[in-house]
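Laboratory data are not the source of any read-out in this text; all were calculated from the coordinates shown. Quick caveat: nothing in here was measured; it's all calculated off a predicted structure. Counting neighbours? That spans all protein chains shown, and the Cβs are built from the backbone with ideal geometry, glycine included.
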Amino acid sequence: MSELIKVVKASRPLKRFPQPVSLPTGFVNTRILRDNFKRQMAAEHEVTSKALKFIARNAALPQKMRLEAQIQLTAMPNYTRMNQVRDRCLESGTAKKIIKPFRVGRYQFRLMAKEGEFPGVKKGVW
Amino acid sequence: MASRLFNPPKLAKLKELTKLQCNIFRTTYNPERLRTEAQVLRKPLKGQIISNYYGPADFPTVFQIFKLWRVDDFRLVNEDEDYRQRRVTMLRKRGKGAPKKLKAPVEAPTKKRK
């Protein structure tokens, strides 16, 4: 993955985002790109933010250290937070009515299920 | 009078016992019951799952797969690519294709001032 990031970095200066990231393989959309960036950043900063959170909330540690950790945590940019990511449809990019196990929106799910893309899924008839 | 069956253990001794217990079971000794928020660290990391939502970044593209499988007596048909190539050739035949790339860079038109 790091090699791919290098390639992306070399190919064009991604001024779009503060840090270069690898591109998603499937359907690409502005909003998907944005979300993909946030996901990768969140994954990258997960350990540090968790450690900071632990220090900030640990009552056994000195107050000054806790405060410093809290300040550092709030100073981190928004895109490093886990709650910024939102599940999007892999086929169309919508953020609403996502069927989570299949990672597609409801309409795309219907189309794909009719095509027979999901084994075991069939139309309910009774 | 109820007879005392056993002596209640002293507080210091109980503390020592809990300390030993923590040592054995590898838990943190926290007699004041302070909030250590250890559950933050105890939760499994989910960054790998979250970042791979749109598929792994190093997943081969259709073109790469076709390149891998290219043998003389075995040809995979990429329908989309075939359609595109047929369309391009038809357009070229009719003289409607995309213009060829210029080799020498064209000089930018200078702005004229009145």
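Taking label points 7 Å from Cα along the Cα-to-Cβ direction, A:Thr25 and A:Arg81 give a separation of 3.2 nm.
In a shell of Cβ-Cβ distance under 10 Å around A:Phe109, excluding A:Phe109 itself, what net charge do Lys and Arg (+1) and Asp and Glu (-1) give?
Details: positive: A:Lys97, A:Arg103, A:Arg106, A:Arg110, A:Lys114; negative: A:Glu91, A:Glu117.
With Lys, Arg at +1 and Asp, Glu at -1, the net is +3.
Could you list log10 I(q)/I(0) for the range A:24-86 at q = 0.15, 0.24, 0.26, 0.29 Å⁻¹, which the Debye formula gives when each Cα is one point scatterer? Per q value, in the given order, log10 I(q)/I(0) is -0.53, -0.92, -1.01, -1.13.
A Gaussian network model of chain B, with springs between Cα atoms under 10 Å, assigns the largest mean-square fluctuation among B:Pro44, B:Pro60, B:Pro99 to B:Pro99. Its alpha carbons give chain A an Rg and a Dmax of 19.8, 66 Å.
Close amide H partners of B:Thr36, meaning residues 5 or more places away or on another chain with modelled amide H under 5 Å apart, are A:Ala59. For the range B:33-114, the equivalent ellipsoid derived from the Cα gyration tensor has semi-axes of 51, 31, 11 Å, listed largest first.
Applying both filters, DSSP loop and at most 10 other Cβ atoms within 10 Å, to the chymotrypsin sites (Phe, Trp or Tyr not before Pro) of the range B:1-68 gives B:Phe6.
Among A:Ser92, A:Ser49, what is the fewest-to-most ranking by other Cβ atoms within 10 Å? Show your work: numbers first, answer last.
Numbers: A:Ser92 14, A:Ser49 18.
By the 10 Å Cβ count, ascending: A:Ser92, A:Ser49.
Computed from phi, the 3J(HN,Hα) profile of the range B:26-37 under the Karplus parametrisation 6.51, -1.76, 1.60 (θ = phi - 60°) reads 6, 10, 7, 7, 9, x, 7, 6, 6, 6, 9, 6 Hz, with x in place of Gly and Pro.
Axis of helix B:11-25 versus longest Cα principal axis of chain B: the two differ by about 30°, to the nearest ten degrees. A helix-only calculation puts chain A at -15000 deg cm²/dmol for mean residue ellipticity at 222 nm, using -39500 (n - 2.57) for each DSSP H run of at least four residues, averaged over all residues.
Where the centroid of each part is defined by its Cα atoms, how far is the range B:9-87 from the range A:55-126 in Å? Cα centroid to Cα centroid, the span is 14 Å. Each 10 Å bin from zero holds the following percent of Cα-Cα pairs in the protein assembly as shown: 6, 16, 19, 20, 15, 11, 7, 4, 2, 1, 1, 0, 0.
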